[in-house]
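Peer 1: I have a structure here, written as structure tokens, and I will follow up with some questions on it.
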Amino acid sequence: MAKRPPITNRVKELREAHGNMSQAALGKAIGVTRQTVIAIEQGRYSPSLESAFRIARLFGVGVEDVFGWEEDADT
């Protein structure tokens with residue numbers, strides 16, 4: 001069984017709560033591709049710190065309201 005990444009996110013939830021923003025629109029707003037947004041939402045890719053801040057600011061929340069760290073994900 002594959003280990004879960006320790007970083008979690010609420011990107012999809014926030015995107016949907018903000019007028020069902022598309023993945024492409026979010027990508028354009030923060031300067032990444034739609035495929036990168038998909039990978040972030042699925043937990044396959046952790047965004048750069050700059051992208052994380054851009055996502056948080058776009059939705060008017062703090063970075064920790066978008067991304068979380070699960071301490072026990074390694075066990």
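Peer 1: Where residues in the stretch 1-56 are of a type in the set (D, E, K, R) and surrounded by 13 or more Cβ atoms within 10 Å (Cβ to Cβ), which of them is nearest to E71 (Cα to Cα)?
Peer 2: Of the stretch 1-56, the ones of a type in the set (D, E, K, R) are 3-4, 10, 12-13, 15-16, 28, 34, 41, 44, 50, 54.
Of the ones still in play, those that are also surrounded by 13 or more Cβ atoms within 10 Å (Cβ to Cβ) are 10, 12, 15, 28, 34, 41, 54.
On the way: R10: 17, K12: 22, R15: 25, K28: 32, R34: 29, E41: 19, R54: 24 Å.
Looking at the filtered set, the residue picked out is R10.
Peer 1: Picking from A39, A52, which residue would you name as being at pLDDT 95 or above and either under 18 Å from H18 (Cβ atoms) or assigned to a loop (DSSP other than H, G, I, E, B) (or both)?
Peer 2: A52
The values are calculated or read from the model by the stated rules, or taken from the named source; none is laboratory data. Only a predicted model underlies this, so the values are computations on that prediction, with no experimental measurement involved. Because the Cβ atoms are built from the backbone with ideal geometry, glycine has one as well, and the counts that use them run over all protein chains shown.
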